[in-house]
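See below for the structure under consideration.
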Amino acid sequence: MLRSLMAASIAVMLAATPAAAAEEVNFGIISTETTANLKTIWDPFLADMTKKTGLNIKAFYASDYAGVIEAMRFKKVDVAWFGNKSAIEAVDRANGEVFVQTIAEDGVGGYYSLLITHRDSPFKSFEDVLKRGKEINFGIGDPNSTSGFAVPSYYVFALNHIDPKTHFKTIRAANHETNLQAVLNRQLDVATNNTEQLYILEKRMPEKAKEIRVLWKSPLIASDPMVWRKDLDPELKARLKTFFLAYGTKEEERQRLLGIQKWVGFRDSSNLQLVPIRQLELAREKTKLEADAGMAPAEKQAKLAEINRKLADLNAQVAQKQ
């Protein structure tokens with residue numbers, strides 16, 4: 001009788017005790033387009049992550065890339081989708097670490113930065129951008145965007161000895177979607193963008209996509225990384241990585257990823273995937289320094305030597321892992 005009473009008492013206590021809440025993980029999403037659009041394409045994926053990991057995945061949106069980086073820095077974001085340039089900032093400033101990389105549908109391992117214009121624009125070629133800048137209202141990307149800012153800043157501007165602030169009639173910064181819509185609406189003459197955003201436009205509004213002309217295409221940019229905070233619990237990291245590496249094997253998962261960008265899955269990665277963009281940023285800085293006629297020779301040589309040292313360190317990192 002006593003044993004029965006104790007068992008009943010324990011059962012009542014367990015029934016009255018709420019189940020342990022699932023561990024909450026805040027997932028940051030960079031602002032390539034409006035939050036409303038991002039929620040539509042990301043929520044099904046995040047729901048799958050919640051279901052398959054047993055974690056309570058919460059989306060974190062910000063008005064710009066820096067908002068997600070700062071949120072990770074102050075531990076308001078645990079995991080985030082970044083481009084390579086913004087991932088560098090997260091690694092250097094927010095204790096971030098790359099752990100997987102997206103896989104593109106075509107299997108090329110990346111995407112391309114673009115300069116775009118309206119098909120009826122008077123600007124017909126990349127040469128027009130270089131020679132007729134004073135006629136062009138130009139749209140550049142977020143300062144932490146790889147394809148919208150870092151890549152064109154080197155390949156379009158630095159290599160052609162152009163200062164975009166003085167070269168163009170006007171210049172303004174915005175996310176990919178805003179710049180794309182501004183070109184479609186003839187509010188901008190030329191803007192930076194990328195092949196992933198054009199893919200989204202082709203899916204949503206194929207007739208509008210036909211109104212875009214590409215003036216310039218960059219070398220291949222490595223696929224986007226996913227970044228977590230280095231100080232996350234190892235068991236939590238393991239659960240997250242298992243989810244990402246397995247995701248995309250089912251057709252419905254593949255379709256969800258294709259709805260986000262032009263992705264079909266994820267592969268293992270590390271901070272080494274950021275080295276090419278680090279090299280590009282240093283090369284851009286080096287080009288600007290070499291062209292600076294007003295700097296004292298000794299100061300210039302000291303700064304160039306420091307850049308060369310950093311480039312050598314990056315090359316050594318890659319060689320060590322090969």
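Can you tell me how much longer the chain between Thr34 and Ala47 gets when fully stretched, taken as 0.36 nm per residue apart minus their C-alpha distance, in nm with one decimal?
Working it through step by step, the gained length comes to 2.7 nm.
Would you mind computing Rg(Cα) / (2.2 N^0.38 Å) for the range 113-219, counting N as its residues?
0.96
Considering only DSSP beta bridges where both residues belong to the range 113-219, give the percentage that are antiparallel (nearest 5).
60
Which one of Gly265, Gly294, Gly67 has the biggest mean-square fluctuation once the chain is modelled by GNM with Cα springs under 10 Å?
Per the Cα network of the chain with a 10 Å cutoff, Gly294 tops the list.
Could you work out which residue, out of Asn137, Asn179, Asn84, moves most in a Gaussian network model of the chain, that is, has the largest mean-square fluctuation with Cα springs under 10 Å?
Fluctuation is largest for Asn137.
Among the listed pairs Lys39/Lys288; Lys51/Lys237; Lys51/Lys210, which have their C-alpha atoms separated by more than 28 angstrom in this model?
In this structure, Lys39/Lys288; Lys51/Lys210 exceed 28 Å between Cα atoms.
Report the net charge of residues surrounding Phe82, where surrounding means a beta-carbon distance below 10 angstrom and charges are Lys +1, Arg +1, Asp -1, Glu -1.
Local net charge: -1.
Assuming R0 = 51 Å, can you tell me the calculated FRET efficiency for the pair Lys58 and Ala298, based on Cβ-Cβ distance, to the nearest 0.05?
In this case the efficiency is close to 0.45.
Please give the net charge around Leu55, taking every other residue with its beta carbon less than 12 angstrom from that of Leu55, where Lys and Arg add +1 and Asp and Glu add -1.
Result for the local shell: -1.
Expressed as a fraction of 2.2 N^0.38 Å, the rule-of-thumb size for a compact globular protein of N residues, what is the C-alpha radius of gyration of the chain?
Output field value: 1.19.
In deg cm²/dmol and to the nearest 500, what is the mean residue ellipticity at 222 nm of the chain if only DSSP H runs of at least 4 residues count, each as -39500 (n - 2.57), divided by the residue total?
Counting only the DSSP helices, I get -14500 deg cm²/dmol.
Multiplying the sequence separation of Val318 and Val214 by 0.36 nm and subtracting their Cα-Cα distance, what value in nm do you get?
Here the answer is 34.1 nm.
If a/c stays under 1.5 just call it rounded; otherwise compare a/b with b/c (prolate if a/b is bigger, oblate if not). Do that for the range 276-321, with a ≥ b ≥ c from the square roots of the Cα gyration tensor eigenvalues.
It comes out oblate by the Cα gyration axes.
Under 8 Å for C-alpha pairs, at least 6 residues apart: give me the relative contact order for the chain, rounded to a whole percent.
23 percent.
If you keep only loop residues by DSSP, which chymotrypsin sites (Phe, Trp or Tyr not before Pro) in the range 47-95 have at most 10 other Cβ atoms within 10 Å of their Cβ?
Those satisfying the criteria are Phe74.
Which links in Lys131/Lys169; Lys85/Lys241; Lys85/Lys134; Lys131/Lys165; Lys75/Lys310 stretch past 20 Å when you go from one Cα to the other?
Lys85/Lys241; Lys85/Lys134; Lys75/Lys310
Once the Cβ-Cβ distance between Leu289 and Asp92 is put in as r, and R0 is 25 Å, what FRET efficiency do you end up with, to the nearest 0.05?
According to the calculation, E is roughly 0.75.
Loop only by DSSP, 14 or fewer other Cβ within 10 Å of the Cβ. Give me the trypsin sites (Lys or Arg not before Pro) in the range 24-76 that pass, ordered by residue number.
Sites meeting the loop and neighbour criteria: Lys75, Lys76.
Obtain the nm distance between the two label points defined at Val108 and Lys310 by a simple spin-label model: each point lies 7 Å from its Cα along the Cα-to-C-beta direction.
2.9
Rule-based calculations on the coordinates, nothing more; no lab input. Given the structure is predicted, the values throughout are model-derived calculations rather than measurements. Note: ideal-geometry Cβ built from the backbone for every residue, glycine included; neighbour counts use all protein chains shown.
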